[in-house]
Amino acid sequence: MTSGILDIRRLRYISAIAEHGSLSAASRVLHVAQPALSYHLSETEKQMGKPLFERSSKGMVPTAIGLLYLEHARLILDAVKLAELDLRRQMTNPQTGTTVKLMVIPSLASTFAPSILESLDRALSDVRIHLIEARTRLAEEHIASGQTDAAIALKAEIGRGELPLAFEELACMSSRQHGHGDDSPIGFAEVAASNLILPSRGNPLREFLELAARKAKLTLNVRMEIDGYEPRRHVVLAGHGTTVVGAGPFSNQESDPNLVLKPIVEPQLRRPIVLLLRDGFDAELGRTIRATLSTTLEAIQARTR
C-alpha cells in the first residue's frame, strides 16, 4: 500500500533531515539506513510534485513547500506524542470521575506535559485531565465557545488584579553566519529597528510586541510577515532578518550553532503565561488547578536556573 504524504514515519524522517541538514546526519540520529531515508524522501517528493529540499555541497535546505510541510509535520508529530501520552496514562491509571479538557501552548506541551499531568494528578486524584496542545488563538476560541474547560495561554498584557502563572522571556533570534555576533543582550530599540520577520497582525506575539513598542514609543520595522515558527526560523537562518522568539525555561528552542539568541533588555520583554477558564467552570476546581500549575511552573523555572 502506498504511504500518504503525511505518513507518520515519513514525517519523522523528513523532519530529521531538515533538523540535521543532511541524509547522512539524519541516518545516524534515527538509526535508519541512508538509502531508506532517501527512498522515503524521494517518494514523498514524487507525491508532492515538488522538491522539499534544495541540495547543495553545504547540505539540504527546505524549499518553500518544504517549509510548509515541516510546519505541518511538527504540529502532527507533537499531537501524536501527546495523544500517546494521554492514552498510555489512561490505560495504566483509568479515572471514572470528572474529565477536564486543558489546552496548553506548544512550547509548554511539547516539553513539560509530563510535569503538568503529574502535578495535576497528585492534586486532583478524582479528576482526569485531557491535555490538548493548542496555540493561544485556538485556545481562546475554544474557551469562549465552551468547547474546552481550561487553557494555559499567552497574553499581550494582564488585567488589573489578574495573576499570571509565569512569564515567558523573549529574545532576538538572528543568523550567526550573517554577522550578528554573540548572544549578549540587545536593547529593544535596536531590535525594533532591525529587519524584523514577524507573524501577521492578530498573532499573540505580534500583539505583544506592538503593545511593547507603543509603550516604549518605538516603531517596529517589519520587513516580512511569516506565520509559523519553522518558516520564520529558516528565513532568519538564511540571513534575511531577525525575529523574536520565546527563550528561557518555557521555550522549546533547540540549540543551533548557526543561530544567535540575544536576551532583549531596556526593557526586558516578558510575556504573561495565564490560565483561562470557560464561563461556568467550577470555581473551587479552577482555584486548585491555578495554584497547582503556578507551583509546577515555578519549580520548572527553579530547576533550569
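The values are calculated or read from the model by the stated rules, or taken from the named source; none is laboratory data. Computed from a prediction, not measured in an experiment: that's the story for all the values here. Heads up, the Cβs are rebuilt from the backbone with ideal geometry, glycines too, and the neighbour counts pull from every protein chain shown.
Does E230 fit the bill of being assigned to a helix (DSSP H, G or I) and more than 15 Å from the chain's Cα centre (by Cα)? Against the criterion (assigned to a helix (DSSP H, G or I) and more than 15 Å from the chain's Cα centre (by Cα)), E230 does not qualify.
Residue-level analysis places P204 outside the set of residues that are touching a Lys or Arg at 6+ places or on another chain (Cβ under 8 Å) and more than 30 Å from R287 (Cβ to Cβ). Residue count for region 163-206 under the criterion of being closer than 22 Å to Q301 by Cα and not in a loop (DSSP other than H, G, I, E, B): the result is 9. In region 135-153, of all residues being buried (at least 23 other Cβ atoms within 10 Å of the Cβ) and among the hydrophobic types (A, V, I, L, M, F, W, C), the one that is nearest to S294 (Cα to Cα) corresponds to I152.
Would it be correct to say that A73 is hydrophobic (A, V, I, L, M, F, W, C), touching a residue at least 12 places away in the same chain (Cβ under 8 Å) and in contact with a Phe, Trp or Tyr (Cβ under 6 Å, 6 or more places away or on another chain)? Give the derivation first.
Values: hydrophobic (A, V, I, L, M, F, W, C): yes; touching a residue at least 12 places away in the same chain (Cβ under 8 Å): yes; in contact with a Phe, Trp or Tyr (Cβ under 6 Å, 6 or more places away or on another chain): no.
No; evaluated as a whole, the condition is false for this residue.
Does V61 meet the test of being of a type in the set (V, I, T), assigned to a helix (DSSP H, G or I) and either in contact with a His (Cβ under 8 Å, 6 or more places away or on another chain) or not assigned by TED's automatic domain parsing to the domain that holds A134 (or both)? No; evaluated as a whole, the condition is false for this residue. Filtered by the rule that a residue be at pLDDT 85 or above and polar (S, T, N, Q), region 217-257 gives T219, N221, T242, T243.
Scanning region 34-64 for residues that are without any contact (Cβ under 8 Å) to a residue 60 or more places away in the chain, of a type in the set (A, V, I, L, M, F, W, C) and under 16 Å from E19 (Cα atoms) turns up L37, L41, L52, F53, M60, A64.
With T219, T296, T243 as the choices, which residue is in the same structural domain as E157 (by TED's automatic domain parsing) and β-branched (V, I, T)? Spell out how you get there, then give the answer.
Values: T219 fails: in the same structural domain as E157 (by TED's automatic domain parsing); T243 fails: in the same structural domain as E157 (by TED's automatic domain parsing).
Sole residue among the options that is in the same structural domain as E157 (by TED's automatic domain parsing) and β-branched (V, I, T): T296.
On the stretch given as region 204-234, residues that are surrounded by fewer than 18 Cβ atoms within 10 Å (Cβ to Cβ) and in contact (Cβ under 8 Å) with a residue 60 or more places away in the chain total 1.
Taking (1) surrounded by fewer than 19 Cβ atoms within 10 Å (Cβ to Cβ); (2) on the phi > 0 side of the Ramachandran plot; (3) over 15 Å from the mean Cα position of the chain (by Cα) in turn, G241 satisfies each apart from (1). Look at region 278-295: where a residue is touching a residue at least 40 places away in the same chain (Cβ under 8 Å) and of a type in the set (D, E, K, R) and a partner is surrounded by fewer than 16 Cβ atoms within 10 Å (Cβ to Cβ) and assigned to a helix (DSSP H, G or I), sitting 6+ places away or on another chain with Cβ atoms under 9 Å, you get R278/A144; R278/S145; D279/A144.
Within region 257-292, the set of residues being within 21 Å of E141 (Cβ to Cβ), outside any loop (DSSP other than H, G, I, E, B) and hydrophobic (A, V, I, L, M, F, W, C) comprises I273, V274, L275, L276, L277, I289.
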